[in-house]
Amino acid sequence: MNRPELHRDKMAQLGELTVGIAHELNNSIGYVASNLGTLRRYSDALVRLIQRVETHLPPEARERWQADLAAARWEYITADLGDLIGETQAGADHLRQVVGDLKVLARASPSTEGCTVDACVEGALTVLAHQAKHLCQVERRLAAPRALVLVRSQIMQLAINLVLNAIQALPTTGGTIRVTTRDNGDLVTLMIEDSGPGVPPELRARIFEAYVTTKATGTGVGLALADQIAKSHGGSITVDRSPDLGGARFSVVLRGANSARSTTQAM
Ligand SMILES: Nc1ncnc2c1ncn2[C@@H]1O[C@H](COP(=O)(O)OP(=O)(O)O)[C@@H](O)[C@H]1O
Ligand SMILES: [Mg+2]
């Protein structure tokens, strides 16, 4: 197998694996979420019962009961219980979102659907939230809520590749990434800017070629794929310098795409 074929094979296997894992996780998340709802009802009932105990006690026992409650930090527990369950439910919701996004991403057949670029970008940022969290600030300026005919998984992939590159370009001390979308009527633009070192002008023409990388463990596939996806959506992708943040600025133009074909399969 030559290099592109090897890569395609590996991606196909990864896609299958991801769908399997996402399916498996989905079931677990389903019962975690539904059990949490039941746990909240049970704990509310228990708290109410314990609060009524005192009214059933003879006066001489009430003081001891109150001392027992204080020793067990009852007030703190009742306050914290609701928070804990709420946070866990929010965690389960987030997991469900991530798994849903992974399933879309790993979809083997690149079928088109009506979808907004903003939704694809949101999905991409959810998938990358962990990588970005402790390193940088991600500014969202999303203003393209009109649905286009897109291959959702491909536009998500494109956004992931660009944002991931931006994350990787930032120094360990952190920085800023800005994601902007704009609807210009017949086309939508997506811009990813960062405060990293930028792409040197002499490299700009080459980075969209496959296997061009400056990273020790890079594959050089991310931008080539993004370029193909933009083209298959009747658009293009260019790079220059972010006037605001000083680092790289990748600008993607997308047209609603009846022209969206499975060109990424060719990689
Ligand atoms: N945001 C960015 N800032 C600086 N350089 C970048 C940025 N994005 C891409 N590049 C350059 O483009 C090259 C190709 O990127 P890509 O195709 O995603 O492959 P890889 O990330 O595996 O290196 C990178 O190795 C890097 O030199
Ligand atoms: Mg990359």
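The values are calculated or read from the model by the stated rules, or taken from the named source; none is laboratory data. These figures come from a predicted structure and were not determined experimentally. FYI the Cβ positions are ideal-geometry reconstructions off the backbone, even for glycines, and counts take in every protein chain you see. Accessible surface areas use protein heavy atoms only, side chains included; no ligands, DNA or RNA. Shrake-Rupley method; radii C 1.70, N 1.55, O 1.52, S 1.80 Å.
Rounded, prolate or oblate: which fits segment 141-192 when a ≥ b ≥ c are the square roots of the eigenvalues of the alpha-carbon gyration tensor, with rounded for a/c under 1.5 and prolate only if a/b beats b/c?
Oblate is the answer for segment 141-192, as a/c is 1.5 or above yet b/c matches or exceeds a/b.
Distance between the C-alpha centres of segment 76-144 and segment 174-222: 22 Å, rounded to the whole angstrom.
With a Förster radius of 51 Å applied to the C-beta separation of ARG182 and ILE50, the computed FRET efficiency comes to 0.35. Projecting the Cα atoms of ALA12, LEU25, GLN66 onto the charge dipole of segment 1-154 (Cβ charges, centred on the Cα centre) puts ALA12 farthest toward the positive pole. Of the solvent-accessible surface of the chain, computed with a 1.4 Å probe over protein heavy atoms with every protein chain present, carbon and sulfur atoms account for 55 percent. Surface exposure of segment 61-130, expressed per residue as accessible area with a 1.4 Å probe, stands at 58 Å². Here the calculated FRET efficiency for LEU17 and HIS94, from their Cβ-Cβ distance with R0 = 25 Å, stands at 0.70, rounded to the nearest 0.05.
A straight Cα-to-Cα reach below 27 Å connects LYS10 with the lysines LYS103, LYS215, LYS231, residues fewer than 8 places away in its own chain not being considered. Return one number: the angle in degrees, 0 to 90 and rounded to the nearest 10, between the long axis of the Cα atoms of helix 222-232 and the longest principal axis of the Cα atoms of the chain. Helix 222-232 sits at roughly 70 degrees to that axis. Could you state the angle between the C-alpha long axis of helix 59-71 and the longest principal axis of the C-alpha atoms of the chain, as a value from 0 to 90 degrees rounded to the nearest 10? With both axes taken from Cα atoms, the answer is about 30 degrees. Peptide packing for 170-180, 231-241, 64-74 was compared via the average number of neighbouring C-beta atoms within 10 Å per residue; ordered from the highest value, the list is 231-241, 170-180, 64-74.
How long is the gain from ARG204 to LYS10 if the chain were fully straight, where each residue apart is worth 0.36 nm and the alpha carbon distance is subtracted? List each step's numbers first, then the result.
Values: separation 194, 0.36 × 194 = 69.84 nm, distance 2.78 nm.
Gain in length upon complete extension: 67.1 nm.
Sequence-distant contacts, meaning Cα pairs under 8 Å at least 6 residues apart, place the relative contact order of the chain at 16 percent. Against the chain, whose longest principal axis comes from its Cα atoms, helix 152-169 is set at around 90 degrees.
Relative to the Cα centre, the charge distribution of the chain, modelled as +1 at Lys and Arg Cβ and -1 at Asp and Glu Cβ, gives a dipole magnitude of about 620 debye. Which of rounded, prolate, oblate describes segment 157-226, given a ≥ b ≥ c as roots of the alpha-carbon gyration tensor eigenvalues and a/c under 1.5 marking rounded, otherwise prolate only if a/b is larger than b/c? Taking the square roots of the gyration eigenvalues as a ≥ b ≥ c, segment 157-226 is oblate.
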